[in-house]
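S.K.: My questions all concern the structure below.
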Amino acid sequence: MAKKDGKKKRSPEPRTRPPALRDVLRVPEGERLDLTAYDAKAVPAGPTDKASGLAATAALAPRLADLQDRLYASSTAGDRRRLLLVLQGMDTSGKGGTVKHVIGLFNPSGCRIRAFKAPTPEEQNHPFLWRIMKALPQPGEIGIFDRSHYEDVLIARVRELVPRSQLGRRYAQINRFEKSLADDGVTVVKVFLHLSYEEQRDRLLERLDNPEKHWKFSPGDIEERAMWPSYREAYEIALERCSTDEAPWYLVPADRKWYRNWAISRLLLEHLEALDPTYPAGDFDVAECRRRLLAT
């Protein structure tokens with residue numbers, strides 16, 4: 001339609017869809033990774049302030065709950081798919097906070113949460129992946145690992161708990177293991193919570209200054225902090241060698257807790273939407289069952 005002055009009305013520019021967050025945060029494959037090049041306070045995509053971030057996270061809850069419900073329902077008809085969220089990061093990076101604030105958006109009855117501590121004597125008598133396999137989510141479930149099999153190439157490397165030759169083989173074992181999970185219907189979402197050295201100090205000081213948080217603090221935390229460069233190198237190697245098409249790593253800036261929570265919620269939403277689970281059809285005569293029920 002022409003304007004009154006006779007000039008043609010310009011068509012609006014087509015809107016370009018923003019890239020998926022999984023593309024923005026994915027650790028690049030085949031490149032040397034330098035974690036110091038990534039800003040732990042960055043906001044790579046999405047909301048840019050705390051208020052909008054909290055609102056955006058809350059807005060994701062209904063969709064996440066719906067997709068979780070559909071995933072669980074589809075498993076009752078034989079669908080073997082499930083999702084596993086792997087959380088790794090330096091001490092105080094927010095693994096427990098993520099479980100509390102992000103997984104709280106789901107129905108807990110459909111979640112399988114496991115926090116991996118130091119191996120027990122029984123676990124030490126088995127290959128390092130043994131305890132991981134026992135904790136995997138069942139079809140229809142969402143699993144969450146607070147730490148994971150990656151501890152066996154992180155702390156094991158920093159503390160020199162195994163020979164380097166054995167350590168080197170573990171990266172390949174992990175890749176084969178995660179590919180087998182993908183082949184069996186497990187969507188693996190691996191998140192590295194990228195925390196800055198300065199922010200970790202502030203969070204540890206907060207624990208010291210608050211008697212109600214003393215239970216979270218250990219003098220050993222200071223010793224571990226002194227090994228920050230070694231841990232950073234161990235993470236760089238693990239993220240480089242174990243980011244694959246079947247199970248890529250995502251680097252989430254973690255200094256801003258509200259952004260961390262939104263980013264992980266959004267990553268989970270994108271992966272669940274890609275699965276697109278559906279409610280199974282009933283294998284009974286609906287009309288006949290209705291008639292019988294009304295007759296009671």
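The values are calculated or read from the model by the stated rules, or taken from the named source; none is laboratory data. Note that the structure is a prediction, hence the values are computed from the model and not measured. Because the Cβ atoms are built from the backbone with ideal geometry, glycine has one as well, and the counts that use them run over all protein chains shown. Areas reflect the complete protein model, heavy atoms only, side chains present, ligands, DNA and RNA absent. Shrake-Rupley method; radii C 1.70, N 1.55, O 1.52, S 1.80 Å.
S.K.: Report in % the part of the accessible area of the stretch 78-231 that belongs to carbon and sulfur, leaving out ligands and nucleic acids; probe 1.4 Å.
M.R.: Roughly 52 percent, rounded to a whole number.
S.K.: Per residue Cα convex hull volume for the stretch 75-228, in cubic angstrom?
M.R.: 136
S.K.: Also: Of (1) 19.4; (2) 20.9; (3) 21.5, which is the value of Kirkwood radius over Cα pairs in Å derived from the coordinates here?
M.R.: Comparing each candidate, only (3) matches the computed number.
S.K.: Is there a quick way to get the dipole size of the chain? I mean about its Cα centre, with the Cβ of Lys and Arg at +1 and of Asp and Glu at -1; what is the value in debye to the nearest 20?
M.R.: Around 1040 debye, computed over the chain.
S.K.: Which residue, chosen from Leu35, Pro277, Pro121, occupies the Cα position most advanced towards the positive end of the dipole of the chain, where the dipole is computed from +1 (Lys, Arg) and -1 (Asp, Glu) charges on Cβ about the Cα centre?
M.R.: Highest projection toward the positive end goes to Pro277.
S.K.: What residues have an amide H closer than 5 Å to that of Val27, excluding those fewer than 5 places away on the same chain, when H is modeled at 1.01 Å from N in the peptide plane?
M.R.: Trp249, Tyr250, Leu251
S.K.: Using Stokes-Einstein with the Kirkwood hydrodynamic radius over Cα pairs, what translational diffusion coefficient do you get for the stretch 56-138 at 4 °C and a viscosity of 1.567 mPa s, in µm²/s rounded to a whole number?
M.R.: In µm²/s, the coefficient rounds to 86.
S.K.: Oh, and also: With +1 on each Lys and Arg Cβ and -1 on each Asp and Glu Cβ, and nothing else charged, work out how big the dipole of the stretch 186-296 is about its Cα centre, in Debye to the nearest 20.
M.R.: So the magnitude is around 440 debye.
S.K.: Given contacts defined as C-alpha pairs under 8 Å and at least six residues apart, what's the relative contact order of the chain, whole-number percent?
M.R.: 32 percent.
S.K.: Counting only protein chains, not ligands or nucleic acids, how are Asp283, Asp34, Asp146, Asp245 ordered by accessible area (probe 1.4 Å), most first?
M.R.: Details: Asp283 145, Asp34 75, Asp146 30, Asp245 120 Å².
So the residues, ranked largest to smallest area, are Asp283, Asp245, Asp34, Asp146.
S.K.: Could you report the chain's accessible area per residue, 1.4 Å probe, as an integer in Å²?
M.R.: On the way: 16640 Å² over 296 residues.
Spelled out: the 1.4 Å probe surface of the chain, per residue, equals 56 Å².
S.K.: Grab the DSSP H runs of the chain that are 4 residues or longer, score each as -39,500 (n - 2.57), total them, divide by all residues and round the 222 nm result to the nearest 500 deg cm²/dmol.
M.R.: On the way: 12 runs with 136 residues, N = 296.
Mean residue ellipticity, 222 nm, calculated: -14000 deg cm²/dmol.
S.K.: Mind putting a number on the dipole of the stretch 131-240 about its Cα centre? Charges go on the C-beta only, +1 for Lys and Arg and -1 for Asp and Glu, and I need it in Debye to the nearest 20.
M.R.: With only Lys, Arg, Asp and Glu charged at Cβ, the dipole is about 420 debye.
S.K.: What's the ranking of 38-44, 185-191, 99-105 by average number of surrounding C-beta atoms within 10 Å, highest first?
M.R.: The densest-packed peptide leads the list: 185-191, 99-105, 38-44.
S.K.: What is the Cα centroid distance between the stretch 207-250 and the stretch 49-118, reported in whole angstrom?
M.R.: 21
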